[in-house]
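The values are calculated or read from the model by the stated rules, or taken from the named source; none is laboratory data. What you see is a predicted model, and the numbers here were worked out from it, not measured in a lab. For neighbour counting, all protein chains shown are included, and Cβ atoms are generated from backbone atoms with ideal geometry for every residue, glycine included. The protein model used for the area step is the full one, side chains on, heavy atoms only, and it has no ligands, DNA or RNA in it. Shrake-Rupley method; radii C 1.70, N 1.55, O 1.52, S 1.80 Å.
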Amino acid sequence: MTIQLLAHRRVLITGGSRGLGRGIAEAMAAAGARIALAARTQEQVERTAAEIEGASGHVFDVADFDGIPAFLGEVEEALGGGITTVVHAAGTQHRQRAEEFDIAAFRRVVDVNLVAPFALTREIARRQLERGEEGQHIFIGSLTSFISMPEIPAYGASKSGVLGLVRSLSSEWAGRGIRVNAIAPGYIRTELTEAVFADEDRRRANLSRIPMGRFGEPSDIGAVAVFLASDASGYVTGHMLPVDGGWLAA
């Protein structure tokens, strides 16, 4: 019998229609949570929601800061109550040499990966604090929250910022019942990263850096998200947990 660690959780997952977001949604639903998925593409988010028991799908661009209150009202209605847990899985990327990097693209990456999660988490936390309820806020970082990689200065800056944001919010909210943590995925196989794995030389080079000898799957991230959303991590806040098969330790 599956242990229902999240039986009383009402969870919003941005970027939940595919990839890491979908893996997290599937794991949390299996653990008993009620799930609301948000993504920009209506057909995709509705299809994914239909394939996950008890999930609802919502069309929303996380960079639409002015639309957050109305969006959260829609989600709360679908969940049948206030959001207890949010997972910020939406993100974007842009690759370009630093000396040629487009400033508009830089701003877009930082807006989507850093400013948007803060804006959304701020409003959710405000509502949780007003209700006097506990909450769990889970951000998605990256290996680049800790190390550098070429040709992704905006992504690296945004994900480094996520680590700083998690620490800042946790120190401010921990005494009021809101825990803030993050997951730093290693190389995870999704449709968005398949191009990396299609390059055989690059695939072998990356695999050689992973002590566990395998790439990750979305379910690996989902399992950790369930832990961070559950009471099993009730004394854990302010951390970004690498889920990378040992990459950073090697």
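A few points about this structure:
- Count - residues of the stretch 181-202 that are over 24 Å from the mean Cα position of the chain (by Cα) and either basic (Lys, Arg) or surrounded by 14 or more Cβ atoms within 10 Å (Cβ to Cβ) (or both): 1
- Close pairs from the stretch 67-86: first within 13 Å of Glu123 (Cβ to Cβ) and in a strand (DSSP E or B), partner of a type in the set (Ser, Thr, Tyr) and open to solvent by less than 40 Å² (accessible area, probe 1.4 Å), Cβ under 7 Å, at least 6 apart: Val86/Thr121
- Test for Ile147: is it in contact (Cβ under 8 Å) with a residue 60 or more places away in the chain and over 23 Å from Ile13 (Cβ atoms): yes
- Arg10 being touching a residue at least 12 places away in the same chain (Cβ under 8 Å), closer than 24 Å to Gly161 by Cα and of a type outside the set (A, V, I, L, M, F, W, C): no
- Residue match in the stretch 119-134 (condition: of a type in the set (D, E, K, R), modelled with pLDDT under 95 and out of contact with any Gly (no Cβ under 8 Å at 6 or more places or on another chain)): no
- Cβ separations smaller than 8 Å between residues 6+ apart or across chains give the following pairs from the stretch 161-187 residues that are under 22 Å from Ala223 (Cα atoms) and in contact (Cβ under 8 Å) with a residue 24 or more places away in the chain to residues that are among the hydroxyl-bearing types (Ser, Thr, Tyr) and not in a helix (DSSP H, G or I): Val162/Ser142; Ser170/Thr237; Arg179/Thr237; Val180/Thr237; Asn181/Thr237; Ala184/Ser142; Pro185/Ser142; Tyr187/Thr193.
- On inspection, Val196 qualifies as at pLDDT below 95 and of a type in the set (A, V, I, L, M).
- With respect to the conditions (1) over 21 Å from Thr193 (Cα atoms); (2) in contact (Cβ under 8 Å) with a residue 40 or more places away in the chain; (3) open to solvent by 60 Å² or more (accessible area, probe 1.4 Å); (4) in a helix (DSSP H, G or I), Glu26 falls short on a single one, namely (1).
Residue-wise test of (1) of a type outside the set (D, E, K, R); (2) on the phi > 0 side of the Ramachandran plot; (3) within 16 Å of the chain's Cα centre (by Cα); (4) crowded, with 24+ Cβ neighbours inside 10 Å.
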site: Gly16; (1), (2), (3), (4): yes, no, yes, yes
site: Glu53; (1), (2), (3), (4): no, no, no, no
site: Asp66; (1), (2), (3), (4): no, no, no, no
site: Ala70; (1), (2), (3), (4): yes, no, no, no
site: Ala78; (1), (2), (3), (4): yes, no, no, no
site: Ala89; (1), (2), (3), (4): yes, no, yes, yes
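- Looking only at the stretch 29-48, and only at residues there that are touching a residue at least 24 places away in the same chain (Cβ under 8 Å) and in a helix (DSSP H, G or I), the one that is surrounded by the fewest Cβ atoms within 10 Å (Cβ to Cβ): Arg47
- Just one of (1) touching a helix residue (DSSP H, G or I) at 6+ places or on another chain (Cβ under 6 Å); (2) of a type outside the set (Lys, Arg); (3) assigned to a loop (DSSP other than H, G, I, E, B); (4) more than 16 Å from Arg22 (Cβ to Cβ) fails for Gly91. It is (4).
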